[in-house]
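The values are calculated or read from the model by the stated rules, or taken from the named source; none is laboratory data. Values in this document were obtained by computation on a predicted structure and should not be read as measured data. Cβ sites come from the backbone with ideal geometry, for glycine too, and all protein chains shown count toward neighbours. These accessible areas exclude ligands, DNA and RNA; they are computed on the full protein's heavy atoms, side chains included. Shrake-Rupley method; radii C 1.70, N 1.55, O 1.52, S 1.80 Å.
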Amino acid sequence: MNYDSLFQKALDGLHADGSYRYFAELERQAGQFPRAFHHGIGRDVTVWCSNDYLGMGQNHTVLQAMHKALDETGAGAGGTRNISGTNHYHVALEAELASLHGKESALLFNSGYLSNWVTLGTIAGRLKDCVVLSDALNHASMIEGIRHSRAEKRIFRHNDLEDLERHLKEIPLEMPKIIAFESVYSMEGDVAPIEAICDLADRYNAMTYLDEVHAVGMYGAQGGGIAQELGLEDRLTVIEGTLGKAFGVVGGYIAGSAALCDFVRSFGSGFIFSTSLPPMIAAGVLASVRHLRASDAERQGQKHAVALLRRKLDEAHIPYLMNESHIVPVMVRDARLCRKISDELLNRFGHYLQPINYPTVPRGTERLRLTPGPLHTEADIESLVQALAILWNDYNLEYAEAA
């Protein structure tokens, strides 16, 4: 059997429907973000789709902390946490993250994906007869964790409290249950009704698992996320976050009670058998978290950039999804056109952003996902919107109605 032909046939299908993913070889240059050198076209471009939302990946304090830890501790952690890979920086970072969210404890993972996969898989899998109620738009890492647990899963309609309560009513009160949802949904940019979900959890004896990966660093007085901004952190069983987006480095974590975090640490195979984050990474994140707890300048700069971009898009009648967050999805609604427009934005105008196509979003909702931040200038935003306006005209795309 020619296995490669089977692989290629599947790949050909992705090319045919416009959903094949291309990787751009970008070289980030510290101190120049959102500029990056694009090796494919041989010049600098302006990046609009980075999840380094606040530019902390080049923050001087973060870089200094990483250089210092590298010189002190070397390149790697030396192994898994339980054998030889727990370093002082890991312990200090977990304490800082627990404090950030007002929780007893926190636990580090190598990525946000791993933290969701391991935590949901472990808790739901080890609690007898546990039922997981999962928002329909939850991230793949949450879906995989729930699937790995082999617990009963019920999917409720996105942000639909009535549908969630309908499912909760059908589950015996004494059965363990977890409501798993996100604060900011990365493709729509909309925000969950966190307080109302907590009310339902209290009423029906459920735990709450909140993924704040697209919110930590950017919302709340200290960057703790949407739950912190709303004063709801104490009502959530688990808060999960990433260290690779607004905090600008890499990794993931959960924050919760001491017993819960220890439970995941002790039974989660994806944690137990993974080599831990290099100490220099933990040191960089620690510096980033501490900086954003004290500084609001980055968050205010991001809010200004988002508001300005939306105003310019409105003036040009370019359609986008309005939401409460920092994510600006510009709607194209055609996979091939989405790819063509992103290619032209890059090659003609020097603006880099990736098309978002199926299966990340449903067919017919293809979009360009823009994430303006505090380091994008007014000139950057003006240039991008002018380029979009030209391409909207060139491809005879539908304009938004005037407000």
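A few comments on the model shown:
- For the stretch 343-396, a residue qualifies if it is among the charged types (D, E, K, R) and open to solvent by less than 20 Å² (accessible area, probe 1.4 Å), and the qualifying residues are GLU366, ARG367, ARG369, ASP380.
- Failed item in (1) touching a Pro at 6+ places or on another chain (Cβ under 9 Å); (2) closer than 30 Å to GLY31 by Cβ, with VAL216 passing the rest: (1)
- Filtered residues of the stretch 1-29 (kept if more than 26 Å from PRO362 (Cβ to Cβ) and out of contact with any His (no Cβ under 9 Å at 6 or more places or on another chain)): MET1, ASN2, TYR3, ASP4, SER5, LEU6, GLN8, ARG28, GLN29
Every residue, every condition in (1) assigned to a loop (DSSP other than H, G, I, E, B); (2) of a type in the set (Gly, Ala, Ser); (3) over 24 Å from the mean Cα position of the chain (by Cα); (4) farther than 30 Å from TYR219 by Cβ, yes or no:
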residue: ARG336; (1), (2), (3), (4): no, no, yes, yes
residue: ASN347; (1), (2), (3), (4): no, no, yes, yes
residue: PRO362; (1), (2), (3), (4): yes, no, no, no
residue: PRO372; (1), (2), (3), (4): yes, no, no, no
residue: LEU375; (1), (2), (3), (4): yes, no, no, no
residue: ALA379; (1), (2), (3), (4): no, yes, yes, no
residue: GLU382; (1), (2), (3), (4): no, no, yes, no
residue: ALA400; (1), (2), (3), (4): yes, yes, yes, no
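- Some residue of the stretch 175-189 being farther than 24 Å from ARG147 by Cβ, surrounded by fewer than 18 Cβ atoms within 10 Å (Cβ to Cβ) and at pLDDT 95 or above: no
- Taking the stretch 256-276 as the range and being outside any helix (DSSP H, G or I) and of a type in the set (Phe, Trp, Tyr) as the test, only PHE273 passes.
- Taking the criterion of being open to solvent by 40 Å² or more (accessible area, probe 1.4 Å) and either on the phi > 0 side of the Ramachandran plot or assigned to a helix (DSSP H, G or I) (or both), the residues of the stretch 277-309 that qualify are MET280, ARG290, HIS291, ARG293, ALA294, ALA297, GLN300, LYS303, HIS304, ALA307.
- Answer residue from the stretch 1-37, given it is in contact with a Lys or Arg (Cβ under 9 Å, 6 or more places away or on another chain) and of a type in the set (Phe, Trp, Tyr) and is nearest to LEU337 (Cα to Cα) among those: TYR20
- Verdict on SER149 being farther than 18 Å from LEU127 by Cβ and either of a type in the set (S, T, N, Q) or surrounded by fewer than 16 Cβ atoms within 10 Å (Cβ to Cβ) (or both): no
- Note on the stretch 226-254: residues that are more than 27 Å from HIS67 (Cα to Cα) and small (Gly, Ala, Ser) total 2.
- In this structure, VAL330 qualifies as outside any helix (DSSP H, G or I) and either of a type in the set (Val, Ile, Thr) or over 24 Å from the mean Cα position of the chain (by Cα) (or both).
- For the stretch 190-200, filtered to residues that are farther than 30 Å from ASN357 by Cα and acidic (Asp, Glu), the residue that is most open to solvent (accessible area, probe 1.4 Å) is GLU195.
- Within the stretch 85-100, residues that are farther than 18 Å from GLU212 by Cα reach partners that are β-branched (Val, Ile, Thr) with beta carbons closer than 7 Å, at six or more positions or on different chains, in the pairs GLY85/THR275; ASN87/THR73.
- Selection status of SER134, within 20 Å of ARG203 (Cα to Cα) and within 18 Å of the chain's Cα centre (by Cα): yes
- Counting only strands (runs of 3 or more DSSP E) that sit wholly inside the stretch 119-187, those with at least 2 residues that are within 17 Å of GLY256 (Cβ to Cβ) are 177-182.
- In the stretch 310-342, of all residues being out of contact with any strand residue (DSSP E or B) (no Cβ under 6 Å at 6 or more places or on another chain), in contact (Cβ under 8 Å) with a residue 40 or more places away in the chain and within 30 Å of LEU230 (Cβ to Cβ), the one that is most open to solvent (accessible area, probe 1.4 Å) corresponds to ASP314.
- Of SER257, SER274, SER269, all but one fail to be open to solvent by less than 40 Å² (accessible area, probe 1.4 Å) and not basic (Lys, Arg); the exception is SER274.
- The set of residues in the stretch 201-225 that are free of Cβ contacts under 8 Å to residues at least 60 places away in the same chain, open to solvent by less than 10 Å² (accessible area, probe 1.4 Å) and more than 20 Å from LEU286 (Cα to Cα) comprises ALA201, THR208, LEU210.
- Hey, ARG348 touching a Pro at 6+ places or on another chain (Cβ under 9 Å) and either charged (D, E, K, R) or touching a residue at least 60 places away in the same chain (Cβ under 8 Å) (or both) or not: no
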